[in-house]
Every structure is written in structure tokens, then in C-alpha cells.
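**Student:** Dumping the structure here so I can ask a few things about it.
The values are calculated or read from the model by the stated rules, or taken from the named source; none is laboratory data. Predicted, not measured: the structure shown is a model, and the values here were computed from it. Note that each Cβ is placed from the backbone with ideal geometry, even for glycine, and that neighbours are counted across all protein chains shown.
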């Protein structure tokens, strides 16, 4: 028995040395790419037991290959504003891993977009996509263009210029972009139109998140928000808890946030706060979703306008303060690193029972450690927010067969996928000695699916 334990310990030690060595090489080769290194570290911290048990992954150099994008594209995007002035932005697309299918991932238009953020998002996307069980690889892209304050014509001209370059690298069986922050139905429409014009054919499967009238899927708009709630509800069930009767805080007020609020309310929760980049609203009577939808989806106004119609509610400048509001369930659905160590401690002090990440890595590594140490239920983004890309894959399937499924069929498949992601993550955590840890479980479950495919395909 002692010899067996010593052998196991030796394998774990050697595996840890290997993972640490590869991580250090990533740091040296990608200096100052903070967001990317954060994503790599978060994955690597989970993988030591996998390499200890499966030395074939070390021998095949899987870790060294998987951290390097298969292709990284950077290009300029010149466009003309309404005053006739030439503007220039940067465009990016990272085609990270195609071991299990064509590259798949959204486009983000936001001033913060740079190479580090695109690589961070693309690296996460590899494992998120694998968790869905669909045949899709990992990719991501975007630009430092800011759609806020731009006219429809300016946004159209930018999107057309952006797609003039990106068209060279994408296709239904190559790379399938979708939306992300700053890229909704309007932007997808302009980009798809330009792709169609340049290619001279109607290739519906090249984009997902399209309008229902030209190949889009019913349920895609709701998918990420709904999927986050479906995942969290599974977490809660295993603790004998539920959304019903719970107080919920949701950051953001975009697509993901709105439909997370909608589904949480359907499940009987009282959602008391949401936010945008300027500040947050607190409504102790419960957020009026109809008002939020109209302000953000129709009128494209700031969330501060909410209190003009609901004067009993409060608006507070600065969005980070939203995590000081006591709640049972917190759903960060805005952007990366919005919950830091102090916010995590505040949430715990105020009695939070569960966190479900609707955004991509909205909690810092320190915050995640605090949640796990405090035994708060924690659903990491690569698992909890996989609903959007899952339904994107369903949209691709519908495009391939030239059919359209009902909302009910899509929603039923989404719920099943999110339940399976939860169960696969729990099982992987249990199998590798970390019961209940969904961070480790989802990382391992996603990694093994991709790594096994890479081994079969050889050194590519």
C-alpha cells in the first residue's frame, strides 16, 4: 500500500513539474498578456492529476500544442465616419483549436479589445465548446471599435470594412463567428451581408446569431442567459436549494443579463439589481424586466433611466458596487474580472449561496479561491455560460439541413445540454479527487475531449 501511495505521489510531483514548466514557457513567450496568462493559469491549475494519470498527454506534447493558437490574424480596419473623416481600428481573429470541429466563437467590439483579450477568450472557448458535446473548435475575435455613440451608418461602414478582411479566413466548415459584447443582431446582419456580397453566395452557416428571417435560430437570443440559469439550478438542486424564493443580483443589462433575469424570475426568484458600464440600479420590489428590455434593446439608453419610471428604485454610479447588495445568488454577466477579492469577501459576508458566471471569467483567480474555500456553490463561466455557443451549434445544424426548429425544441435541447455539462463536470471532479469542484471538473472534462482528439490526429 505504501509503495502504491509513493508511486502516486511521484507521478503527481512529476506532472506538477511538467505543468509548471510549460506554464513558465507560456509566460516567457507572452509577456504582458495579463488576461491570456490568467486564462492559461486557471486551466493549468486543474490539470496536474490528469497528466499524472495519463502520461500519454505529456509524451504527445498536448499541453505545449494546445496553448499555441493554430492561427492568429491581426489587421487594420479603416472606415469613414459621418463627418467624412477616416478612422482606423484594429481587427483580430484567433483560430485556436480545430481538433473537434471548425473554429467557433464570437466577435467582440469594445475599446478594451487587444491581442491578450482575444487570446484569453479563444483559449477559454476551446474547452467551453468541448463541454457542449457539439463538434465545434475554439476561436474568438473582435476589434477595439466602440459601437456606443455611433450611428447605424457608421456601424455599417465599420462592419463592412471589418468583414472585407475577415472574409478571407472564415467559412461554414472553417471558422464560424458569432456575436459577443458590442456585437448584436444589427452588427451580425451588416457583416453577413458583406460576406455574402464578397463571396457571391448565401452561406448561412458562416455566422450564428443571425436574424431568424435569414437562417437564425429561435432561442439563440435567450440562450446564454437561460443556459446560465439552467446550470445554476442544477447546482442548487444538489444542495436542496432553488431559485424559487431567492434574492438574485445580476450584473450587466445586455443580452446575457436580460435573459438570465427573465429565466430567474420565471423560476420564482426576486432579481433586485442589474447594471451597465456607468452604474447599477437597485429595486427592492424586484426589477421590472419590461422596462429594462425597452431601455436597452429598443431605445439603447443607459440603465440610469430606469429610476425615472420607477422612482422607488435607486441608481448608483459605478458598476462594481453592485456586489455590495445582499443576495442569495449572484450572476455576474457583464465582463471579465468584475468580481475581485474584496467583492467576493463582501458577497460571502452578505450570505451569498451560489455564483453562476454568465460572462467569460468575470471572477478573478483570487475571488474564485475565496468562493471555493468558503464552500459557496460556484459555476465557472466555461460551463455556466456555454448555452450561447451550444445553441449556435444547433443553429449550424439547422442551417446544414435547411430547416428551422421551434423555440420549444431548441430550448429543450439547451436545457439538456446544460444539465449534461453540469453532470460531466461533477463526474470529472469526483473522478480526479476534487468532489464538488466545478472549476476543476469543467476544466478536466473539456480538456480531455480535446486532448483525446488531438492525440488521434497526430502532430498537426
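**Student:** Any residue in the stretch 109-118 that is part of a strand (DSSP E or B) and surrounded by 16 or more Cβ atoms within 10 Å (Cβ to Cβ)?
**Tutor:** yes
**Student:** While we're looking at this one, here's another question. Given 43, 73, which one is over 19 Å from the mean Cα position of the chain (by Cα) and under 25 Å from residue 137 (Cα atoms)?
**Tutor:** Among 43, 73, only 73 is over 19 Å from the mean Cα position of the chain (by Cα) and under 25 Å from residue 137 (Cα atoms).
**Student:** Let me confirm something: among 126, 100, which residue is under 27 Å from residue 26 (Cβ atoms), touching a helix residue (DSSP H, G or I) at 6+ places or on another chain (Cβ under 7 Å) and not in a helix (DSSP H, G or I)?
**Tutor:** Among 126, 100, only 100 is under 27 Å from residue 26 (Cβ atoms), touching a helix residue (DSSP H, G or I) at 6+ places or on another chain (Cβ under 7 Å) and not in a helix (DSSP H, G or I).
**Student:** Can you tell which of 85, 41 is free of Cβ contacts under 8 Å to residues at least 60 places away in the same chain, loosely packed, with under 15 Cβ neighbours inside 10 Å and either under 30 Å from residue 169 (Cβ atoms) or in contact with a helix residue (DSSP H, G or I) (Cβ under 9 Å, 6 or more places away or on another chain) (or both)?
**Tutor:** It is 85.
**Student:** Among the strands (runs of 3 or more DSSP E) lying completely within the stretch 307-423, list those that include at least 3 residues that are crowded, with 17+ Cβ neighbours inside 10 Å and either touching a helix residue (DSSP H, G or I) at 6+ places or on another chain (Cβ under 8 Å) or not assigned by TED's automatic domain parsing to the domain that holds residue 255 (or both).
**Tutor:** 329-331, 354-356, 377-379
**Student:** Could I ask something else about it? For the stretch 163-190, enumerate the residues that are under 26 Å from residue 299 (Cα atoms) and in contact with a strand residue (DSSP E or B) (Cβ under 8 Å, 6 or more places away or on another chain).
**Tutor:** Result: 178, 179, 180, 181, 182, 183, 187, 188.
**Student:** Name the one entry in 68, 64 that is outside any helix (DSSP H, G or I) and surrounded by fewer than 18 Cβ atoms within 10 Å (Cβ to Cβ).
**Tutor:** Just a single option satisfies the conditions, and that option is 68.
**Student:** Additional query: Name the residues in the stretch 259-290 that are part of a helix (DSSP H, G or I) and touching a helix residue (DSSP H, G or I) at 6+ places or on another chain (Cβ under 7 Å), would you?
**Tutor:** Residues satisfying the conditions are 259, 260, 261, 262, 263, 264, 265, 289.
**Student:** Could you say which residue among 136, 126 is modelled with pLDDT of 95 or more and either farther than 18 Å from residue 358 by Cα or surrounded by fewer than 24 Cβ atoms within 10 Å (Cβ to Cβ) (or both)?
**Tutor:** Criteria check complete, one pass: 136.
**Student:** Tell me whether the stretch 142-149 contains one or more residues that are in a helix (DSSP H, G or I), surrounded by fewer than 17 Cβ atoms within 10 Å (Cβ to Cβ) and without any contact (Cβ under 8 Å) to a residue 40 or more places away in the chain.
**Tutor:** No.
**Student:** Is it the case that some residue within the stretch 379-400 is without any contact (Cβ under 8 Å) to a residue 12 or more places away in the chain and over 17 Å from residue 176 (Cα atoms)?
**Tutor:** no
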